[in-house]
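Chemist: Handing you a structure now.
A short reminder: the numbers here are calculations on the coordinates, not readings from a lab. What you see is a predicted model; the values in this text were computed from it and never measured. Don't worry about glycine lacking a Cβ; one is built from the backbone with ideal geometry, like all the others, and counts go over all protein chains shown.
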């Protein structure tokens, strides 16, 4: 995110200094997440509005997801004009509510036909089609679309 913010103009001095300081430290380590969040907070305070979009938050490991959500929560706290758009599967809903209680959540579900088309494509492309019999294929094509689709 920081890279995107500074790519439109020159790199601010406070960012250059932070990276140079991290290089000089033991082993020339890069900046850690707390350092990056502090730099990001300092950088965005001058912006009238910021939009942060992160897709597939559910694909992060639970530890990294917690760190990312806490960092975004801190950014929003210091920059009230920041708007956040996150996507993820329903199983992370509780984490989102915990961090962003006032968030608007829009549940989405693909149409049953789309799920069926996707399953057919994947099953037809199976490198070992002899492993599956017709009964298992029929069960997959019946049960999965019913479980996933609400449309």
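Chemist: Please report the orientation-averaged projected area of the stretch 1-46, defined via the convex hull of its C-alpha atoms, in nm².
Modeler: On the way: hull surface 12.7 nm².
Its Cα hull, projected and averaged over all orientations, spans 3.2 nm².
Chemist: Could you pull the Rg and Dmax for the stretch 48-104, using just the Cα atoms, both in Å?
Modeler: Looking at the stretch 48-104, its Cα Rg and Dmax stand at 10.9, 33 Å.
Chemist: For the chain, what does the helix formula give at 222 nm: sum of -39500 (n - 2.57) over DSSP H segments with n ≥ 4, over the residue count, nearest 500 deg cm²/dmol? Mind showing how you got there, number by number?
Modeler: Values: 7 runs with 81 residues, N = 151.
Calculated at 222 nm, the ellipticity per residue is -16500 deg cm²/dmol.
Chemist: For the chain, just the Cα set please: Rg and Dmax, both in angstrom.
Modeler: Rg and Dmax of the chain, Cα atoms, are 21.9, 65 Å.
Chemist: What shape does the stretch 74-121 take by its C-alpha gyration tensor, where a ≥ b ≥ c are the square roots of the eigenvalues and a/c under 1.5 counts as rounded, a/b above b/c as prolate, and the rest as oblate?
Modeler: Taking the square roots of the gyration eigenvalues as a ≥ b ≥ c, the stretch 74-121 is prolate.
Chemist: If you don't mind, another one. Take the alpha carbon gyration tensor of the stretch 1-83, find the square roots of its eigenvalues, order them as a ≥ b ≥ c, and report rounded if a/c is under 1.5; if not, report prolate when a/b exceeds b/c, else oblate.
Modeler: Verdict is oblate for the stretch 1-83.
Chemist: Here's another thing I want to ask about it. Of the residues 93, 81, 130, which exhibits the maximal mean-square fluctuation in a Gaussian network model of the chain defined by a 10 Å Cα contact cut-off?
Modeler: 130
Chemist: Report, in degrees rounded to the nearest 10, the 0 to 90 angle that the Cα long axis of helix 13-24 makes with the longest principal axis of the chain.
Modeler: Around 80 degrees separate the two axes.
Chemist: What ranking do 74-80, 106-112 get when scored by the average of other Cβ atoms within 10 Å per residue, highest first?
Modeler: 74-80, 106-112
Chemist: Just report the Cα centroid separation between the stretch 112-140 and the stretch 6-22, whole Å.
Modeler: Spelled out, the Cα-based centre of one part sits 51 Å from the other.
Chemist: Further question: Who wins for biggest fluctuation among 105, 16, 66 in a Gaussian network model of the chain, springs between alpha carbons below 10 Å?
Modeler: Its mean-square fluctuation being the largest, the pick is 16.
Chemist: Once the Cβ-Cβ distance between residue 114 and residue 135 is put in as r, and R0 is 30 Å, what FRET efficiency do you end up with, to the nearest 0.05?
Modeler: Details: r = 24 Å, r/R0 = 0.80.
Once rounded, the FRET efficiency stands at 0.80.
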